[in-house]
Amino acid sequence: MLRIAVPNKGSLSGPAAEMLHEAGYQQRRESKELRIVDPTNEVEFFYLRPRDIAIYVASGQLDIGLTGRDLLIDSGADAEEILALGFARSTFRYAGKPGTISGLADLAGKTIATSYEGIVAAHLSDHGIDASVVHLDGAVETAIQLGVAQVIADVVETGTSLRNAGLEVVGEPIMQSEAVVIRRTGADGDDPKVQQFLRRLQGVLVARTYVMMDYDCRVEQLEKAVALTPGLESPTVSPLHNEGWVAVRAMVPAKEAQRIMDDLYDIGARAILTTAIHACRL
């Protein structure tokens with residue numbers, strides 16, 4: 001069986017389980033379950049602490065895992081990202097008291113508090129900056145106020161927590177993170193079971209990104225309509241009973257669907273419908 005590590009809690013857990021369910025895999029019914037077997041799909045799922053997943057996968061005991069890019073890099077484990085999943089996005093930034101640090105070079109000689117020591121140490125090394133890194137679990141905003149550090153490095157979303165702590169972001173982002181699928185570095189990339197798993201997840205990603213659009217239009221407006229809805233290869237066009245009309249079907253980006261519907265209506269298309277895509281293979 002394919003052995004897969006899945007986050008057991010935190011912000012990654014729910015969306016990961018939802019995506020796996022959409023991909024057709026059985027998931028646990030209770031949060032206390034640490035392992036389940038999906039015999040139909042020949043997969044065994046292990047529910048692990050998100051920070052530990054990269055280490056388990058790197059050891060070779062598990063074939064692949066779902067975790068955060070930040071956790072993969074921070075672990076320093078011998079594992080690699082093979083598919084980005086598009087959820088649990090976050091940005092890592094440095095922050096300090098206003099006016100004390102203007103850029104990356106000013107970090108030299110400073111003490112930086114973070115929960116992601118591996119990421120910060122690697123980033124500083126890559127830029128040739130000599131600074132001390134202090135590991136703290138949980139919120140690090142108070143580290144400066146309590147004199148533990150002069151700078152912090154943490155996940156920044158809106159920046160509200162930083163402003164409330166009297167801090168401001170410094171320099172460019174350290175990294176952009178999101179949920180990813182990982183495997184041991186150097187593992188067989190052609191494993192058919194792994195490839196099938198990846199195709200299923202890619203199918204979910206596409207299904208979430210596109211909708212199916214159907215509409216009727218006059219033949220003389222078909223080229224304009226097709227230009228608006230080119231589909232992936234090309235749209236499906238079928239003649240209607242009423243002469244001079246055709247039915248068109250194509251996949252379109254979900255975020256652009258309303259604009260495309262307006263444009264189609266303006267050129268004379270009618271009976272314009274969109275439907276969700278639950279699964280696909282490209």
Report task. Work through the residues other than P98 whose Cβ is under 12 Å from its Cβ and net out their charges, Lys, Arg +1 and Asp, Glu -1. Result -> +1
Query raised in the report: Ignoring ligands, DNA and RNA, what accessible area per residue does the chain give at 1.4 Å, in Å²?
Result: 53
Report summary line: A 1.4 Å probe over the protein heavy atoms gives the chain a carbon and sulfur accessible-area percentage of 48
Query raised in the report: Amide H of I82: which non-local residues (sequence gap of 5 or more, or other chain) have their own amide H closer than 5 Å, using H built in the peptide plane?
Result: V181, I182, R183
Query - For the range 177-282, convex hull of alpha carbons as volume per residue, Å³ - result: 130
Requested in this report: Sum up the charges of everything whose Cβ sits under 11 Å from the Cβ of S161, counting Lys and Arg as +1 and Asp and Glu as -1, but leave S161 out.
Outcome: -2
Requested in this report: Treating only the Cβ atoms of Lys and Arg (+1) and Asp and Glu (-1) as charged, compute the dipole magnitude of the chain about its Cα centre; round to the nearest 20 debye.
Outcome: 540
Query - Sites Q196 and E256 - FRET efficiency at Förster radius 25 Å, r taken between beta-carbons, to 0.05 - result: 0.25
Report summary line: Once both label points are put 7 Å beyond Cα along the C-beta direction, the E18-R218 separation in nm becomes 4.4
Query - Sequence-distant aspartates and glutamates (8 or more away, or on other chains) whose Cα lies within less than 20 Å of K110 - result: D126, D130, D137, E141, D154, E168, E172
Report summary line: Computed, not fitted: 222 nm per-residue ellipticity of the chain from DSSP H runs ≥ 4 (each -39500 (n - 2.57)), nearest 500, equal to -7500 deg cm²/dmol
**Report entry** Gain in span if fully extended, L34 to V226, counting 0.36 nm per residue against the direct Cα distance
**Finding:** 64.1 nm
Report task. Report ³J(HN,Hα) in whole Hz for each residue of the range 96-112, in order, from the Karplus equation J = 6.51 cos²θ - 1.76 cosθ + 1.60 where θ = phi - 60°; Gly and Pro get x. Result -> x, 5, x, x, 8, 9, 9, x, 4, 4, 6, 6, 4, x, 8, 9, 10
Report summary line: For E172, placing the label point 7 angstrom along Cα-to-beta-carbon and taking the range 114-138, residues whose amide nitrogen sits under 19 Å are 119-130
**Report entry** Sequence ranges 30-43, 90-103, 218-231, ranked by mean other-Cβ count within 10 angstrom, highest first
**Finding:** 90-103, 218-231, 30-43
Requested in this report: Determine the sum of side-chain charges near P173: Lys and Arg each +1, Asp and Glu each -1, restricted to other residues whose C-beta is under 15 angstrom from that of P173.
Outcome: -4
**Report entry** Nearest-0.05 FRET efficiency for S102 and T160, computed from C-beta distance (R0 22 Å)
**Finding:** 0.45
Query - Those residues of the range 254-273 whose amide nitrogen sits under 18 Å from the label point placed on S238, 7 Å along Cα→Cβ - result: 270-273
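The values are calculated or read from the model by the stated rules, or taken from the named source; none is laboratory data. Predicted model, so just to flag it, every value in this text is computed and none were measured. Please note: Cβ atoms are built from the backbone with ideal geometry, for glycine as well, and neighbour counts cover all protein chains shown. Side chains are part of the model used for accessible areas, which takes the heavy atoms of the whole protein and leaves out ligands, DNA and RNA. Shrake-Rupley method; radii C 1.70, N 1.55, O 1.52, S 1.80 Å.
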